[in-house]
Structure formats: structure tokens, C-alpha cells
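Single-structure report; data block below.
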Amino acid sequence: MSASETVDSRLQTRATELFGVRYPIVQTGMGWVAGPSLVSGTANAGGLGILAAATMTYDEMVAAIAKVRSRTDQPFGVNLRTDAVDIAERVDHLIASDVKVASFAQAPRPDMVKKLKDNGIVVVPTVGARRHAEKVAEWGVDAVLCQGGEGGGHTGTVPTSLLLPEVIDAVDIPVIAAGGFHDGRGLAAALAWGADGIAMGTRFLLTADSKVPDEVKAVYLGTPVTGTVVSTAIDGAPQRVIRTEVIDNLERTGLLSLPRAGINALKFRKLTDTSLADLLREGVNMKKNQDLSWAQVAMAANAAMLTRATMVEGKLEVGILPTGQCVGVVDDLPTCEELISRIVDEAVARFDAVCS
Ligand SMILES: Cc1cc2nc3c(=O)[nH]c(=O)nc-3n(C[C@H](O)[C@H](O)[C@H](O)COP(=O)(O)O)c2cc1C
């Protein structure tokens, strides 16, 4: 669609206004996946792209934001981890570089919400339960990304079809529906439910603009809708991944022993240039915020390393591939432009069909 063409008014929502984007479609901040290419591809196609900075070092995040900026003049977001040791510096950098949206996998602290909002940044945490949505809404966030159980990565148990209406009824702010969305029918359905847009992870992972190695994408494309599992054995929190042999073994044996998990956490430290003091501080933060055991804290750092090896280096034998269930109904690799324009056309066609 050219810039002069107007968007169907049924697709103009509180979210498009809040984010300053053409379409109510968000590409989520998937760790190791949502880099500058995917984010700028989404932004230039009229959606809101979110950079996955939670798995980047501070310097990588700064460089990635600059790269997105050099490729698009459209708004975009950055995904952060509330318990990162350098979260204050990261927030300052988002403010200094005029990023439009700050997204959070967990609830950001009220003082963080205030600082970001006071500086004009839109704050959007992900929620997987009604009470979480109510809590962050009280703290003043601008919108919530409501992720149902079929979603990829860390996820809850309530399916999108039940969680979404519950959250929409509970809060007055815009709600972005996530978990299982992959096409225009889903966008039309989410808007009909009363949501203000959709957010998609897995569907954007499987595009030509995502830099995930081809051999990894091939595994996703070959996975059926029943080929995923939610496991707590990876880092202690429920995470939806492709069911691989590694995951089956982890499920059987449980979390790695503390010494092995600790050794792997130290390897991860080298890989990411984290100082031992920072690693320990981050571990203490994680433990405090998420009520994890020390073995789980060490495994969380470990899981990050294993996921990176699979998703970035293409080491399929490592076998940790976070995914939503919709992986089973996705069978192509369009560009972001092709994907967004076909979702928009399909949603409009659904609206027309229903209302005729
Ligand atoms: C590979 C992968 C990595 C993810 N990493 C993150 C992350 O770092 N931060 C986050 O907030 N959500 C993360 N998620 C969750 C997604 O952002 C999104 O909420 C979810 O994928 C939506 O469900 P869908 O896959 O069905 O579209 C990840 C999901 C996937 C598939």
C-alpha cells in the first residue's frame, strides 16, 4: 500500500494511534531472533517492530538501535528485562535515543513506568493472567500485550480465547492480543473480541527478514501443530518449545545439577562479556524477583546460552527452539511486507464477509 492510500478505518485502533503505526500488528521482541533486520522490515511495512534487547549486552543494544534507526524512520520498540543489572542505563538510553515503545516480558517497577512515561515512551508489558494486567494497569502502563498459552517462549496456561476477553474486560487501556496469531482471520477475530491489535512472535520468526539460520527455520516449518511442549525443565519457568530429543531428556532428568548449570552459566558470562560481579548481581536479582532456586538461576543463564547456540549459530543438536503452537500452521517465509499486507487484506475481507 502506498503512503497516500488510506487505511481501512476498521483497522485504526487505540494501538495504531498510541504506537504511531499504520496497522495494528506488532512483531514481538523475541530473544536472539528480533534483530534490526526484522524490526526495520516490520516498521517499514507499517507494523510495530520490537527489538529483542533482553538477550543483548548493553553495547549490542545501543548498536542495534542505531542500526534500526539507519534503516527506518518509522517508530519501533525495544524489549527489556526488568531485572537486568544495567536496566537503569538501558532505560536512559531508550530515552536518549527517542525510542517509541518499551516492552517488558515481566512487570516493570512502578518507578520505571513513571520515568519512561514522563519521557514520552509508551510502556507495554506482556501479561499472561488477568491479575497481572490489573496490577500493571494500576501502575500506569499504556497498553498490555496479552499472551495466551498457545504462545511461544515463556507462556501461561490460559488459552488466548479465554484470557483475551478476561483481560479486555478487566482493564481500560489498549490490549494487544498474542498467542497463536498468524493470519488475517486472527486479526479480524482479535479486533472483534475487542482487542486493539495482534502481536506475533513465531509468524515473524518465519519470515525472509528474520536472520534465524535457514536450517533452523526448516525445523520450524517441518513441525506439526502437536510438535511443541511447555517445559519447566529449561530454566524453571514454563516455556513453549519445539519438542526435541534434548527437551525430552531434560524433561526426564529434570533441571541440570547446580555444578553443571553453574559451569554453563560461567561459559555464558564469557560469551556475553558479563563480569562475574554483574553475573552474580543479576542472579541475585532474578532470584529475588522470580523466587527461583540457585540451580534454577544458574540454569536460566545456561538456557540463554543453549538457546543462542541453537537460534543464532544453528547448532540443531543443542535443540532449544522456542515456539508458539501456530508453528504447525505456518508453511512459508514471506517478507514482512508481504506478510503484513496479506494479513491486512485478509482481515478486511473477513470484516466485509461478516458484515455483508
Ligand atoms: C524464539 C522466541 C523468543 C522469545 N523471546 C522473548 C523475549 O526475549 N522477550 C519477550 O518478552 N518475549 C519473548 N518471546 C515471546 C514472544 O515475544 C511473543 O509474546 C510470543 O511468541 C507470542 O506468541 P506466538 O509465538 O504464538 O505469536 C519469545 C518467543 C519466541 C518464539
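The values are calculated or read from the model by the stated rules, or taken from the named source; none is laboratory data. Quantities reported herein were computed from a predicted structural model and do not represent experimental measurements. All Cβ positions, glycine included, derive from the backbone under ideal geometry; neighbour counts span all protein chains shown.
Please note which helices (runs of 4 or more DSSP H) are completely contained in segment 242-356 and include at least 1 residues that are at pLDDT 85 or above and among the β-branched types (Val, Ile, Thr). Give the derivation first.
Values: elements: 245-253, 258-272, 276-290, 294-311, 336-355.
It comes to 245-253, 294-311, 336-355.
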Q | Qualifying position, being under 20 Å from Leu187 (Cα atoms) and within 13 Å of the ligand (Cβ to nearest atom), among Thr82, Thr28, Thr16 | A | Thr28
Q) Within segment 46-79, can you find the residues that are under 14 Å from Phe19 (Cβ atoms) and in a loop (DSSP other than H, G, I, E, B)? A) Gly46, Gly47, Thr72, Gln74, Pro75, Phe76
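Going through segment 162-185 one residue at a time, which ones are assigned to a helix (DSSP H, G or I) and surrounded by fewer than 23 Cβ atoms within 10 Å (Cβ to Cβ)?
Here is the first cut: in segment 162-185, the residues assigned to a helix (DSSP H, G or I) are 162-170, 184-185.
Within segment 162-185, Leu162, Pro165, Glu166, Ile168, Asp169, Ala170, Gly184, Arg185 qualify.
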Q: Return the total of residues in segment 45-85 being surrounded by 17 or more Cβ atoms within 10 Å (Cβ to Cβ) and among the charged types (D, E, K, R).
A: 2
Q: State whether one or more residues within segment 219-234 are part of a helix (DSSP H, G or I) and more than 18 Å from the chain's Cα centre (by Cα).
A: yes
Q: May I ask you to say which residue of Arg185, Arg203 is in contact with a His (Cβ under 7 Å, 6 or more places away or on another chain) and either in contact (Cβ under 8 Å) with a residue 60 or more places away in the chain or charged (D, E, K, R) (or both)?
A: Arg203
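Taking the criterion of being touching a strand residue (DSSP E or B) at 6+ places or on another chain (Cβ under 9 Å), within 15 Å of the ligand (Cβ to nearest atom), at pLDDT 95 or above and outside any helix (DSSP H, G or I), would at least one residue in segment 186-193 satisfy it?
Start the filter on segment 186-193 by keeping residues that are touching a strand residue (DSSP E or B) at 6+ places or on another chain (Cβ under 9 Å), which leaves 186-187, 189-191, 193.
Pick out the ones that are also within 15 Å of the ligand (Cβ to nearest atom) and you get 186-187, 189-190.
Then keep just the ones that are at pLDDT 95 or above; that gives 186-187, 189-190.
Now drop any that are not outside any helix (DSSP H, G or I), which leaves none.
No: segment 186-193 contains no residue that is touching a strand residue (DSSP E or B) at 6+ places or on another chain (Cβ under 9 Å), within 15 Å of the ligand (Cβ to nearest atom), at pLDDT 95 or above and outside any helix (DSSP H, G or I).
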